[in-house]
1. Once phi is turned into ³J(HN,Hα) by the Karplus curve 6.51 cos²θ - 1.76 cosθ + 1.60 with θ = phi - 60°, what whole-Hz value does each residue of the range 101-112 show in order, with x for glycine and proline?
2. Averaged per residue, what accessible surface does the chain expose to a 1.4 Å probe, in Å²?
3. For a Förster distance of 22 Å, can you work out the FRET efficiency between the beta-carbons of Leu55 and Glu119, rounded to the nearest 0.05?
4. Have a look at Leu52, Ala35, Phe126 and report the one farthest towards the positive end of the charge dipole of the chain, computed about the Cα centre with Cβ charges (Lys/Arg +1, Asp/Glu -1).
5. From the square roots a ≥ b ≥ c of the eigenvalues of the alpha-carbon gyration tensor of the range 26-107, which class results: rounded (a/c under 1.5), prolate (a/b over b/c), or oblate?
Amino acid sequence: APAGAGKTFVALSHMLDKLLINREAKLLFVARNSALCFFVARWLAKRIKNTLQRLAFLRRVYLFYEPFDVPLAVSIEHGRLTAKRPASGSTAGAAKFDMLVVDEAHHVYAHAALREQVEAHFTPGFTTRFLLSDVSQSLGG
């Protein structure tokens, strides 16, 4: 779909539904741009009014952006949204994601190494995958 068609908003709606319906669900949002990742995390956080519920909700949200080292756990510290490496030894670092959303997937999937890093977090038969892309921005379009 073309830029501005609402792909990200549709994915945000699905992410919110997944997290609200399944209180154990974990999701990974992937984009090359960290600003887009933080926009998504803030959008999700604003939908949960109760502070304690918001903190618990965000513990199930992970961001993955350049340099694509490891998925980062979302939290709120001193009133600010943060994304940090999961604590060593925590099971969060080896999270099995219920949903994997890749925004501007044409950028990520155009590079074999990036594609492998993202796909390493996809579990067949378990993870729902959303690839958001604009065919006109792909290498072939």
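The values are calculated or read from the model by the stated rules, or taken from the named source; none is laboratory data. Treat the numbers as computed from the prediction; the structure is a model and nothing was measured. Using ideal geometry, Cβ is built from the backbone for each residue, glycine included, and neighbour counts are taken over all protein chains shown. Ligands, DNA and RNA are excluded from the accessible area calculation, which covers all protein heavy atoms including side chains. Shrake-Rupley method; radii C 1.70, N 1.55, O 1.52, S 1.80 Å.
1. 10, 10, 8, 6, 4, 4, 6, 6, 7, 6, 10, 4
2. Dividing the accessible area of the chain by its residue count gives 56 Å².
3. The computed FRET efficiency comes out at 0.15.
4. My answer, from the dipole projection, is Leu52.
5. Because a/c hits 1.5 or more and a/b fails to exceed b/c, the range 26-107 counts as oblate.
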